[in-house]
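The values are calculated or read from the model by the stated rules, or taken from the named source; none is laboratory data. Remember, it's a predicted structure, so these values are computed and weren't measured experimentally. Side chains included, ligands, DNA and RNA excluded: accessible areas come from the protein's heavy atoms. Shrake-Rupley method; radii C 1.70, N 1.55, O 1.52, S 1.80 Å.
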Amino acid sequence: MVQCEMCGAETASPKKIKVEGAELDVCDNCVDFGTEVKTQQSSTTSTKYSTSSSSGKSSGSSGTSSPSSGGSRSRPSDMFDDMDEIVQDYDDRIRDARESSGLSQEDLAKELNEKASLIRKLERGDMLPSDRVQKKLEKKLEISLTAGSAGADDEEWSGGSSTGGTTLGDVVKRKD
């Protein structure tokens, strides 16, 4: 028996679902909270995963006429795959780089064509920089505000086993 990673209930046949980019093994009661991910059983399909919410019909705007014509993609695109993760100490990196280049907050704001209050908020950590502002800061201050690789964060995570660990159900109260 395996524990549901969402509610913690014991289940003999867990289903794999995707919830906001994370794949979870859940019981039959929790399947509706995400999109079910089906793994490839044999070589009958060319994609590794398909979701139950997708229809087999092509809309004509995708550029491919059938799923078997592509073959180069192993799974559907996920919006979280394309996102760069900003480092946690972005505020310190911005402040240190600005100070080492001898610029005041106002001077940096002028050179970036932004408001000084934006620079102050970023350096206090009150807000995250937009993609546009992030690129300007990285270019001007010659720093990187994105995390190096997602693999490094995955190694730090000690969870993953569904036996005896904390589950989402231990933390969240469900509304039924």
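What the table shows:
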{"item": "Checking Asp154 against (1) assigned to a loop (DSSP other than H, G, I, E, B); (2) modelled with pLDDT under 80, the condition it does not meet", "result": "(1)"}
{"item": "Residue identified as open to solvent by 100 Å² or more (accessible area, probe 1.4 Å), at pLDDT below 95 and not small (Gly, Ala, Ser) among Glu123, Glu99, Glu114", "result": "Glu99"}
